[in-house]
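Working notes for the structure below.
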Amino acid sequence: MARSLSLLERLGGKTQQDKQPTERPRLPKPEAKKTPTPQQPAETYTEKQIQQEREAHVEASAFAGRRALTSRNDVMQELKLAVHRRIVDEMTPEEQQVLVRGEDARDQIKNIISVYSNREMAESAYTLSRGERLQLVDDISNELLGLGPLEPLLQNDSITEIMVNGPKQIFIEQKGKLKLSDVHFYDNAHLMNIIERILTPLGRRVDESSPLVDARLADGSRVNIIIPPLSLVGPAITIRKFSKKPLSIKDLIGFGTLNEDMATFLEACVKARLNILVSGGTGSGKTTTLNVLSSFIPHTDRIVTIEDAAELRLQQIHVVTLESRPANLEGQGAITIRDLVKNALRMRPDRIIVGEVRAGEALDMLQAMNTGHDGSLTTAHANTPRDVLSRLETMVLMAGMELPVRAVRTQVSSAIDLILQQSRIRDGTRKITHITEVQGMEGDTIVTQDLFRYVQERIDEKGKSVGHYESMGLMPNFMDKFQMNGIELPPSFFTSGRKR
């Protein structure tokens with residue numbers, strides 16, 4: 001009885017014992033006792049008790065709400081599994097033929113699932129509202145036809161990235177901000193089943209002997225998968241989604257990634273066949289910018305793209321897409337980016353586009369740029385334009401060639417004409433912070449100069465970056481290439497301090 005009375009007191013109930021001050025429980029002794037003053041009376045025991053009762057009541061209510069939500073999720077999960085088993089056991093040959101048609105017969109498949117769901121609920125104690133029944137049918141159809149719990153996230157165009165940290169924790173990036181979603185898998189086996197569904201059409205695998213892999217979805221979204229023992233939280237999936245409609249330069253201007261002057265200048269650079277390197281951190285928008293730059297390439301050029309997992313979506317008609325291949329079960333048969341770059345030189349390309357250089361392929365890419373394949377594009381990870389030049393040196397040395405540092409820098413300075421530095425700002429927006437020209441060598445140092453830059457002025461009360469783009473007022477050294485290709489820019493284009 002005493003235990004139930006104590007619980008009742010914590011929840012705010014009143015008993016006869018409340019009238020007996022001697023039986024009230026003692027409160028913990030405060031660390032520092034405050035001396036009451038006439039201006040500020042000491043806090044009474046009654047006030048403290050009321051506050052504790054309120055906090056206990058709120059805590060109990062929240063706990064009850066969590067238990068109710070968890071219980072409801074468990075009921076839905078049990079019902080899904082029951083309907084799954086019923087479909088497997090009772091599906092007729094005619095219904096199986098409809099299921100084989102896949103996405104083309106999604107509406108018919110939903111009707112079949114609805115019939116089996118109604119049977120299961122009629123023969124058991126499950127009761128669902130109309131909205132929950134529709135959600136149940138959608139979830140089961142996604143399990144049969146798509147990627148299960150990930151399917152609604154993939155269909156949401158406002159979500160740009162999906163990060164699965166084990167079966168129970170799925171984060172999303174929406175409008176540049178990370179959020180924890182309310183979606184989850186049943187367990188590791190359920191998550192591994194979805195992983196196999198992603199990899200099987202691509203002929204790739206992931207297991208204990210090869211616990212990480214890069215892949216892509218049917219819509220071109222990039223996928224990275226890593227599983228135990230390398231991942232200690234369970235199987236982890238990172239999906240980088242791309243817009244269903246290819247972005248144009250006008251879209252980037254609208255997003256604030258660059259201004260109109262910079263867009264006009266970059267279009268002129270691509271048409272003048274300059275070699276351009278896009279650098280930036282993870283998630284800064286390098287691949288998106290590379291896609292937009294490639295849209296300026298004339299349709300008469302033969303383009304060869306080289307990637308680990310094909311992400312680029314070029315609009316030209318004469319495009320050859322190459323994709324690297326991992327080793328097989330015996331550890332043989334791997335085709336690297338470097339192998340593909342070497343092979344691309346024999347394919348009579350007008351332009352070579354490498355999705356990203358990470359290692360020794362940088363040397364082959366630089367040699368291609370220096371041997372008549374002008375107008376090539378690539379990306380690399382770096383924090384600043386100066387850092388990306390240092391990284392290129394390191395990657396060239398990773399090719400296993402014992403070259404003097406000066407020779408490597410000479411290769412870099414003569415191959416790269418322009419560096420686009422892209423960054424993800426604190427508010428989640430992506431901006432081209434520098435357009436930098438590589439001028440050449442002075443002694444043992446590569447000389448560069450900024451042509452455009454983004455100047456951040458402040459962060460406003462909504463957490464948004466406020467700034468402007470400006471021209472540095474410097475004329476690039478490759479203006480002769482513009483003239484050779486019949487490209488003209490107005491004389492005032494490079495006016496110093498020109499802001500937009």
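The values are calculated or read from the model by the stated rules, or taken from the named source; none is laboratory data. Just so you know, these numbers come straight off a predicted model, no measurement behind them. As a convention, Cβ positions derive from the backbone with ideal geometry for all residues, glycine included, and neighbour counts pool all protein chains shown.
Observations on the model:
- Residue in the stretch 194-214 that is of a type in the set (Asp, Glu) and closer than 22 Å to Arg430 by Cα present: no
- Of everything in the stretch 209-222 that is assigned to a loop (DSSP other than H, G, I, E, B) and modelled with pLDDT under 90, the residue that is nearest to Pro326 (Cα to Cα) is Ser210.
- Within the stretch 223-255, restricting attention to residues that are modelled with pLDDT of 90 or more, assigned to a loop (DSSP other than H, G, I, E, B) and not hydrophobic (A, V, I, L, M, F, W, C), the residue that is surrounded by the most Cβ atoms within 10 Å (Cβ to Cβ) is Pro235.
- All told, Tyr126 falls short of being assigned to a helix (DSSP H, G or I) and aromatic (Phe, Trp, Tyr).
- For the stretch 154-169, the candidate set comprises residues that are of a type outside the set (S, T, N, Q), touching a residue at least 40 places away in the same chain (Cβ under 8 Å) and at negative phi; within that set, the residue that is surrounded by the fewest Cβ atoms within 10 Å (Cβ to Cβ) is Asp157.
- Within the set Asp374, Asp350, the sole residue that is at pLDDT 90 or above and out of contact with any helix residue (DSSP H, G or I) (no Cβ under 6 Å at 6 or more places or on another chain) turns out to be Asp350.
- Where Val396 falls short, out of the listed (1) buried (at least 16 other Cβ atoms within 10 Å of the Cβ); (2) more than 25 Å from Leu266 (Cα to Cα); (3) touching an Asp or Glu at 6+ places or on another chain (Cβ under 6 Å): (3)
- Of everything in the stretch 295-335 that is touching a strand residue (DSSP E or B) at 6+ places or on another chain (Cβ under 7 Å) and charged (D, E, K, R), the residue that is modelled with the lowest pLDDT is Glu311.
- Residue within the stretch 323-336 that is out of contact with any Cys (no Cβ under 9 Å at 6 or more places or on another chain), among the charged types (D, E, K, R) and either more than 30 Å from Leu212 (Cα to Cα) or buried (at least 17 other Cβ atoms within 10 Å of the Cβ) (or both) present: yes
- The listed residue being of a type in the set (Phe, Trp, Tyr), assigned by TED's automatic domain parsing to the domain that holds Leu418, in contact (Cβ under 8 Å) with a residue 40 or more places away in the chain and not in a strand (DSSP E or B), out of Phe482, Phe452: Phe482
- Selection within the stretch 424-441: residues that are assigned to a strand (DSSP E or B) and touching a Gly at 6+ places or on another chain (Cβ under 6 Å). The member of this set that is surrounded by the fewest Cβ atoms within 10 Å (Cβ to Cβ) is Arg424.
- In the condition set (1) outside the structural domain of Thr371 (by TED's automatic domain parsing); (2) surrounded by fewer than 17 Cβ atoms within 10 Å (Cβ to Cβ); (3) modelled with pLDDT of 90 or more, Glu260 is compliant with all but (1).
- Hits in the stretch 455-478 - residues which are exposed (fewer than 14 other Cβ atoms within 10 Å of the Cβ), outside any loop (DSSP other than H, G, I, E, B) and of a type in the set (Asp, Glu): Glu457
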